[in-house]
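One structure, pasted below without further comment.
Coordinate-derived values only; no laboratory data. Just so it is clear, the structure is predicted and the values come from calculations on it, not from any experiment. Here the Cβ is made from the backbone with ideal geometry for all residues, glycine too, and neighbour counts use every protein chain on show.
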Amino acid sequence: MTPLAADVAQRLKRRARWSGFEIAFWIVAFASIWLLPQKHLILTETAILALFALSLDLILGYAGIISLGQAAFFGTAGYFAGLAAKYGLINEPVLALLCSGLVAAALGFVTSFLVLRGSDLTRLMVTLGVSLMLGELANRYSNITGGADGLQGVTVAPILGLFQFDMFGHTGYVYCLIVLFVCFLIARRLVYSPFGLSLRAIKGNALRCGAVGIPVNARLVAIYTLAAGFAGMAGALLTQTTAFCSLDVLSLERSADLLLVLIIGGTGYLYGGLIGAVIYKFMQDWIATLTPQYWQFWIGLLLVVIVLIGRDRMAAWHEAARAALARLFTRAIGWRRGPALGGAGPDRS
Amino acid sequence: MAILETIGLAKRFGGIVAAADVTLAIDKGARHALIGPNGAGKTTVINLLSGVLKPTAGRILLEGRDITALDPHQRVRLGMARTFQINALFLDLTPLEAIALAVSERLGFGIDCWRLVGRKGAVADEAAEIVERFHLGDVMHERTAILPYGKQRLLEIALAFACRPRVLLLDEPAAGVPEAERHELLATIAALPADVTVLLIEHDMDLVFSFADRISVLVNGALFVDGAPDAVARDPRVKAVYLGEELDA
Amino acid sequence: MLTILFDGTAYGMLLFVLACGLSVTLGLMNFINLAHGAFAMAGGYCTVVLVNRIGVPFALGLPLAFLVTALLGGLFERTLYVHVYARPHLDQVLFTIGLVFMSVAATDYVMGSSQQFVRIPEALAGQFNVFGIGMGKYRLLIIVVCGVLTLALQFILAKTRFGSRLRAAVDDQRVARGLGINVGAVFGITFAVGSGLAGLGGALGAEILGLDPTFPLKYMIYFLIVVTVGGTSSITGPFLASILLGIGDVAGKYYVPSLGAFVIYAIMIVVLILRPQGLFARGAAR
């Protein structure tokens, strides 16, 4: 291997190395299990929202598909999980979660063909239309879904037959956090793989992708399907942790809020949805204690302000903040990333 | 022996004829130039060959195989790649990432969603080789969007080359490149491996006559003259078409 | 049956007046304005306040609703929207959804969350009976007013100097600028008029569509359907799309009430997939 080739190999792999910021983020996330037991209910919601936002980031931040209908997958899987538990079809929650994810992924696969072509507006309308159609269906078949009253009488069995859900949300939080972490690891692997690189390329220039031999449509179908599966698992988690599912899981507001969450955190680096979810939930919690009814106003204002400031400027701030956090973390535990940064680390290829 | 052939290739947009009955044969290993005045349909021909446009009539054969109905990415996999007249690059990726992407797609790792990019030694080796061949070593870790124009043009060709084509279609590779960066670009084009067949579209007659061993002239979407460079240069009809344009080789 | 046709036409024409401004902004600046319904709502509430509380006659309330919303639209356009025109679609969507949320909550805060009704003159209540078809007087008024407006719009676009400038700007902004057309001003005026029309539609439609703070969200999808299905290259497309949508929606609710809007959404998706440029777009067929 020539020195240049070695440098190239090193640089290509280095992007995927865990940074101090990332390690700190997950340590804090898991530490909250013990440090913030009284906040577990809201943290559960946060973890679910984070997973949901992660699914949107995969298609919007990496593949460039604007969607205002991610709730379609969230809601469908939410109802599936609820019905499965209610009628005892699948009792074990983890299995039910996986099945719900598969159902949502199947729906994502079928509808992915609708978003392959067309402008942003067309995609927006089609994704929105699909979720509204499902909302109408759920409303129409209220004998199954419970309609406006919601799906009642869902009882969720203990996880793996061992861990019973409790009313303080302790079990639920640990469960959701682990699912989020596993899904995140999968997404992280994926975006640093050749497949993930091709998605970024498609977002940048789909025409050129065809000209370097990338089957653009097949890639978009694949990522849309996977993202639908993640969104579905988030929906199933919500049903399982609340033992309830109502029509608003399919609503436009849910998809619109999701966009906001992701925008707060920033798109295209995976942590945007997670950080956005934390900020959003705690902001909601805080504002709700001040003016519960007009929460929406502040959400709207935030959106307007973010756009007026400019998302690229926001992204720059995010990056600076992350770098500062990472420095802080590195210093705090006296840990140096060592010479690997310079490219002299062990070669594993 | 022809590696790439078109038979009666035609493209109409509504009432406008962009290409009419183009029958062209490009020999294996040739340095073939396609020239013609503005609006003659040169880029349309490239778009038809690469599959960006579907022809209204006619067929395209690559190594004797009919590829008329194939998608662009399938044609790339069969060994024909192109560059774009107006840069079509991945602005947010670095040149290295873009080249590694093209290489790993060609080697069939594109659907690999588990291993890291560059985990396969073959990808890194080949990406490094291409970076060197196209003089991109000093900028390979920069974002493509901020590269000097000449480097972007080099990357434009490097991306096509990374598909390891047997036929390479170059659409005005030197267009707009400032004089200072021009020499590097022309030298790189001249140094393309001899076994790669090149179809070149170019306005710059110096480049055409120094590079091509065969020239086809396209006028109003139709093939006008086809022959060796000196024959084409002497042809009075070509001179008439290029009235006012210099044509001294 | 004919009553459905009649009601549907009234509803459709109302939708057209509500949505035509959106169609022009989308076609002209390629701008996705999800907050269009907020202006319609503003017009509706404006009329409620004027007619019910202050006692302005209904006939005067409508033009006032137009004026107030047009001013409001112009103000927003100059101060806020201009910053977002050149941004990517995602930013436009976020920005206008933000405005929708704000308008919903603000209206709720000021006017309360309950449904509002405009006091309509006695003379407009009841219905005519023509050949055994019940025609609501108020709906007839809507058809007449909207019909006149549509003709006026068509005339302005086709025959006046402003109309030709607008069409030039829609066709090609750069060329229009080159011809010395002040595209920004043309757009500002168009935006204001479009908002005004939406406000007028909101005022007229309060009776039929219902008026409460969630109005912009509830009808956003309908406006978007009109615009995407109708295409943005003319006003005939959105007009036909509105009428079809109006009749389809009324008929759907009458014949298959349980499916609600399902059919409408399904048709929209099919149209968008088959004709991404809109059902009535010029020469889009391939």
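Testing the spin-label approximation: label points 7 Å from Cα along Cα→Cβ at A:Lys39 and A:Leu185. State their distance in nm.
About 2.5 nm, to one decimal.
For A:Ile309 paired with B:Ala194, estimate the spin-label separation in nm (one decimal), with each label point 7 Å from Cα along the Cα-to-Cβ line.
Taking the two extended label points, one gets 6.2 nm.
Quick one: pull the percentage of alpha-carbon pairs in the range C:1-45 with a separation above 17 Å.
Working: 452 of 990 pairs.
Everything past 17 Å amounts to 46 percent.
Determine the relative contact order of chain C: mean sequence separation of Cα pairs under 8 Å and six or more apart, normalised by residue count, in whole percent.
The value is 38 percent.
Starting from one equal scatterer on each C-alpha and no solvent at all, send me the Debye-based log10 I(q)/I(0) for chain A at q = 0.11 Å⁻¹, two decimals.
Results for chain A at q = 0.11 Å⁻¹ read -0.78.
Starting from the Cα gyration tensor of the range B:117-235, multiply each eigenvalue by 5, take the square root, and state the resulting semi-axes largest first in whole Å.
Details: eigenvalues 183, 55, 28 Å².
Gyration-tensor ellipsoid for the range B:117-235: 30, 17, 12 Å.
Mean Kyte-Doolittle hydropathy of -0.5 or higher plus an axial Cα length of 24 Å or more: which whole DSSP H helices in chain C meet both?
Numbers: long enough: C:2-29 (39 Å, 1.77); C:58-79 (31 Å, 1.47); C:89-111 (32 Å, 1.22); C:137-159 (32 Å, 1.72); C:183-209 (37 Å, 1.60); C:236-255 (28 Å, 0.82).
Result, helices passing both filters: C:2-29, C:58-79, C:89-111, C:137-159, C:183-209, C:236-255.
Where the centre of each part is set by its Cα atoms, how far does the range A:1-51 sit from the range A:172-248, in angstrom?
17 Å
Also, I was wondering about something else. Roughly how crowded by other chains is peptide B:81-90, in terms of the mean Cβ count from those chains within 10 Å of each of its Cβ atoms? Working shown, then result.
On the way: counts 3, 3, 2, 4, 0, 0, 2, 8, 4, 10.
Average neighbour count from other chains, rounded to a whole number: 4.
As an exercise, identify the chymotrypsin sites (Phe, Trp or Tyr not before Pro) in the range A:134-180 lying in DSSP coil whose Cβ has no more than 14 other Cβ atoms within 10 Å. Before the final figure, lay out each step's value.
Details: sites: A:Tyr141, A:Phe163, A:Phe165, A:Phe168, A:Tyr173, A:Tyr175; in loops: A:Tyr141, A:Phe165, A:Phe168.
Those that pass, being in a loop and sparsely packed, are A:Tyr141, A:Phe168.
Once fully extended, how much extra length lies between C:Arg177 and C:Leu80, figured as 0.36 nm per residue of separation less the alpha-carbon to alpha-carbon distance?
The span from C:Arg177 to C:Leu80 would gain 32.7 nm if fully extended.
Can you report the principal axis dimensions of the range B:2-241 using only the alpha carbons, biggest first, rounded to whole angstrom?
55, 41, 33
In whole Å, how far is the Cα centre of the range C:163-188 from that of the range A:99-167?
45 Å
Do the sum for chain B: with -39,500 (n - 2.57) for every DSSP H run of n ≥ 4, divided by all residues, what is the mean residue ellipticity at 222 nm, to the nearest 500 deg cm²/dmol? Before the final figure, lay out each step's value.
On the way: 9 runs with 85 residues, N = 249.
Rounded to the nearest 500, it is -10000 deg cm²/dmol.
In the calculated pair distance distribution of the protein assembly as shown, what percentage of Cα-Cα distances lie above 41 Å? Present the calculation step by step, with values, prior to reporting the outcome.
Values: 179682 of 390286 pairs.
That fraction is 46 percent.
Can you tell me the relative contact order of the range A:31-290? Whole percent, Cα pairs under 8 Å, sequence separation 6 or more. Numbers along the way, then the final one.
Details: 446 pairs, mean separation 107.6, N = 260.
Taking the mean separation of contacting Cα pairs over the length of the range A:31-290, I get 41 percent.
Mean residue ellipticity at 222 nm from the helices of chain A, using -39,500 (n - 2.57) per DSSP H segment of n ≥ 4 over the full residue count, to the nearest 500 deg cm²/dmol? Intermediate values should be presented prior to the final figure.
Details: 15 runs with 243 residues, N = 349.
Estimated from H runs of four or more residues: -23000 deg cm²/dmol.
Continuing with this model, one more query. For B:His141 and A:Ser142, FRET efficiency with R0 = 51 Å and r from the beta-carbon atoms, rounded to 0.05? Numbers along the way, then the final one.
Values: r = 58 Å, r/R0 = 1.14.
Approximately 0.30, to the nearest 0.05.
On a C-alpha basis, how far is the centre of the range C:256-274 from the centre of the range B:9-43 in Å? Whole number, if you could?
45 Å
Further question: When only Cα pairs under 8 Å and 6 or more residues apart are kept, what is the percent relative contact order across the range A:264-317?
Working: 24 pairs, mean separation 15.5, N = 54.
For the range A:264-317, the relative contact order is 29 percent.
Still on this structure, please answer the following. Work through the residues other than A:Tyr175 whose Cβ is under 14 Å from its Cβ and net out their charges, Lys, Arg +1 and Asp, Glu -1.
Values: positive: none; negative: A:Glu45, A:Glu92, A:Asp166.
My count for the surroundings of A:Tyr175 gives -3.
Using only helices, what value at 222 nm comes out for chain C when you add -39,500 (n - 2.57) per DSSP H run of length 4 or more and divide by the total residues, to the nearest 500 deg cm²/dmol? Working shown, then result.
On the way: 11 runs with 201 residues, N = 286.
My calculation for chain C gives -24000 deg cm²/dmol from helical runs alone.
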